[in-house]
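The values are calculated or read from the model by the stated rules, or taken from the named source; none is laboratory data. All values derive from a computational prediction rather than experimental measurement. As a convention, Cβ positions derive from the backbone with ideal geometry for all residues, glycine included, and neighbour counts pool all protein chains shown. Accessible surface is based on the protein model in full, side chains and every heavy atom, while ligands, DNA and RNA are left aside. Shrake-Rupley method; radii C 1.70, N 1.55, O 1.52, S 1.80 Å.
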Amino acid sequence: MMLRTTDRSSFSMSEFLRDAGGCAVIDGGLATELEANGADLNDPLWSAKCLIHSPELIRKVHLDYLKAGANIITSASYQATIRGFESRGFSREESERLLRKSVEIACEARDIFQKQYAKVPYSGGENKGTSNRRPILVAASVGSYGAYLADGSEYSGDYGKAITLEILKDFHRRRVQVLAEAGADLIAFETTPNKIETQAYAELLEEDNINIAAWFSFNSKDGVNVVSGDSLTDCASIADSCKKVVAIGINCTPPRYIHNLILSIKKVTDKPILIYPNSGESYDGERKEWVASTGVSDEDFVTYVNKWRDAGASLIGGCCRTSPRTIKAISRVLNKSDV
Ligand SMILES: [Zn+2]
């Protein structure tokens, strides 16, 4: 029997962006929208808890984002890790099955949307390049090692001296392989807090048995560097050098910082730039809640969108505490005709 491995590393972001009309809409916050739909995610697995208990809710939220105009939906695997599932009593096989399930749920939502809701279904293949239909990608989310630790270190990027490049590669390797083979179009490395993890992802993508395109997305809390204090341009340059990386950008960062960060990234890459800021509220890791005072309304958020596009971003969406309403507003600003 011949073994076939899926090779999605030849995915073309420029073709996708052309089909999407030059600019694409990323979905909004997944975990926070699951919470808005009633899920209790106060758990080290965060949104991945729903893979075990409420997959239908994940499908609904993906579908809500597609109905709001998203071109890219991001799977519920941000905090889904083999080690995390194993520590909850799942076997290695069951843990891998849950990872695959995150991608399958997103693919199901895309299928349902294309059959039931899309005004003009996307058929890909022979119809590629024809106008008047919305291309949709499934991105498999990979959150950082800090997200797995669930101790707030995805927002400090401080893993301590004991964590080496090899440890990070070993932590992510099988997870990325499983997600890559589950049918996603690309991997979304999200909320990447430091340079060492950026390097780990880049080296993993060069390995023979990982064949998928990826985007690298960083977070910042000062509008200049990534959250650890490492240089954003150093991190973006690592991403730029990696052939499998098809877009580079920023997520889960307050909207007010985004413009400057786009300009920094643009200095070191010609690859497409993606941004999906959070609502501007900040997460208090100790109290485990969002602090609302500096939040940006959906109206305010979308007033930034044209500015971000003019600065060079071509994939725009939202992260934590943004919702299908935010995505609908972004789609309208970007003139998506089918929303
Ligand atoms: Zn976020």
List, in order, the whole-Hz ³J(HN,Hα) value for each residue of segment 64-80 obtained from phi through the Karplus relation with A = 6.51, B = -1.76, C = 1.60 and θ = phi - 60°; use x for Gly and Pro.
-> 4, 5, 5, 5, 7, x, 5, 9, 9, 10, 10, 5, 7, 9, 3, 10, 8
Check residue 24: other-chain or 5+ apart residues with amide H under 5 Å from its amide H, H built from backbone geometry?
-> 315, 316
Grab segment 156-294 and count how many Lys pairs have their alpha-carbon atoms under 24 Å apart, sequence gap of 8 or more, or different chains.
-> 22
Two pseudo-spin positions, 7 Å from Cα along C-beta at residue 292 and at residue 156, lie apart in nanometres by 2.8 nm
Output row, site residue 91, 7 Å Cα→C-beta label point, backbone N cut-off 19 Å, window segment 18-57, residues 52
Mean separation of Cα contacts under 8 Å (at least 6 apart) over the residue count of the chain, i.e. the relative contact order in percent, is 21 percent
Could you tell me what percent of the accessible area of the chain is made up of carbon and sulfur, with a 1.4 Å probe and every protein chain present?
-> 47 percent
Ranked by accessible surface with a 1.4 Å probe, highest first, in what order do 97, 332, 174 come?
-> 332, 97, 174
Nearest-10 value in Å² for the accessible area of residue 92, using the 1.4 Å probe | 110 Å²
Per-residue accessible area for residue 281 at 1.4 Å probe radius, Å² rounded to 10?
-> 20 Å²
Quote the charge dipole size of segment 184-264 about the Cα centre in Debye, to the nearest 20; the model charges only the Cβ of Lys and Arg (+1) and of Asp and Glu (-1).
-> 360 debye
Residue span residue 338 to residue 267: 0.36 nm per residue of separation minus Cα-Cα distance leaves a gain in nm of 22.2 nm
For the chain, with only Lys/Arg (+1) and Asp/Glu (-1) charged at the beta-carbon, what is the dipole magnitude about the Cα centre, in debye rounded to 20?
-> 860 debye
Kindly report, to the nearest 10 Å², the accessible surface of residue 248 as traced by a 1.4 Å probe over protein heavy atoms only.
-> 0 Å²
Would you mind checking the radius of gyration and Dmax of the chain based on alpha-carbon positions, in Å?
-> 18.2, 60
Can you list the HN-Hα couplings for segment 16-25, worked out from phi with the Karplus curve (6.51, -1.76, 1.60; θ = phi - 60°), rounded to whole Hz and with x for Gly and Pro?
-> 4, 5, 4, 4, 7, x, x, 9, 10, 9
Note to self: with every protein chain in place and a 1.4 Å probe, the chain gives an accessible area per residue in Å² of 41 Å²
Could you please report the charge total around residue 61, scoring K, R as +1 and D, E as -1 over all other residues with beta-carbon less than 11 angstrom from its beta-carbon?
-> -2
Rounded to the nearest 500, what is the 222 nm mean residue ellipticity of the chain from helices alone, with -39500 (n - 2.57) per DSSP H run of 4+ residues and division by all residues?
-> -12500 deg cm²/dmol
